[in-house]
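Peer 1: Below is the structure I would like to discuss, written out as structure tokens.
What follows draws every value from the coordinates through simple rules; no lab data is involved. These numbers were taken from a predicted model, which means no experiment stands behind them. Note that we place each Cβ from the backbone using ideal geometry, even for glycine, and neighbour counts take in every protein chain shown.
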Amino acid sequence: MSNFDMEEVKPRTSPKDFFLNLLSIAALYMSAGSFIALIFQYINIFFPDVLDSQNYGSDPLDAAYQAIRFAVSTLIVAFPVYLATGRFMNKDYLKNPEKRNLRIRKWLIYFTLFVATVIIMGDLIALINTFLGGEITMRFVLKVLTVLLVTGVIFGYYLWDLRKYKTE
């Protein structure tokens, strides 16, 4: 029996696998950022800052509507790309379960978990700092909760995925 027979065969990353995984994560980041921006703008509209109208004479509602248009445009393109690449890769994983252990996939998932953790930490630091400074507002709390919710869902999903399929 050769050493090759005794070793576990590791899946090889094809260019297709590499770019599908990269596209999926890029689309996820774009979607998450745009969703957060969209919610932030609705918070800005429903909880206006009276001092915003004094910013260089610009209309804060006009700026909010422009940001909403851009966020929605990005979501219309990026989120379906994320869903489609995820669906395509999951079909491939059903046929080739060993592909769940591709290095690129694991690196991107762990990087995403790292980024989500750092964002959550920064968000909580900002919340505590603002609270201790006595400057906390409903608008600020809602934005903090938005970031916590979005990053928490992403973190939870990818952690669940790692545990479910026991990839290391």
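Peer 1: Fully extended, how many nm does the chain gain between Tyr93 and Met138 (0.36 nm per residue separation, minus their Cα-Cα distance)?
Peer 2: Details: separation 45, 0.36 × 45 = 16.20 nm, distance 4.41 nm.
In short, 11.8 nm is gained.
Peer 1: Students often forget the sequence filter, so: which lysines lie under 29 Å Cα-Cα from Lys10 once same-chain residues fewer than 8 apart are removed?
Peer 2: Qualifying lysines at Cα under 29 Å: Lys91, Lys95, Lys99, Lys106, Lys164, Lys166.
Peer 1: Using a Gaussian network for the chain with springs between C-alpha atoms less than 10 Å apart, which of these wobbles most: Ala32, Ala71, Ala126?
Peer 2: So, out of Ala32, Ala71, Ala126, the one fluctuating most is Ala126.
Peer 1: Normalising by the residue count of the chain, find the relative contact order in percent from Cα pairs under 8 Å and 6+ residues apart. Let's see the in-between values first.
Peer 2: Working: 117 pairs, mean separation 52.7, N = 168.
Rounded, it is 31 percent for the chain.
Peer 1: Turning to a different aspect of this structure: Measuring from label point to label point, each 7 Å out along Cα→Cβ, what is the Ala26 to Phe114 span in nm?
Peer 2: About 2.0 nm, to one decimal.
Peer 1: Moving on to the next point. By average Cβ neighbour count within 10 Å, what is the ranking of 112-123, 139-150 from highest down? Please list the in-between numbers first.
Peer 2: Values: 112-123: 15.2, 139-150: 16.8.
Top to bottom by mean Cβ count within 10 Å: 139-150, 112-123.
Peer 1: What nm distance separates the two modelled labels at Val77 and Ile128, each placed 7 Å from Cα along Cα→Cβ?
Peer 2: About 3.9 nm separates the two model spin labels.
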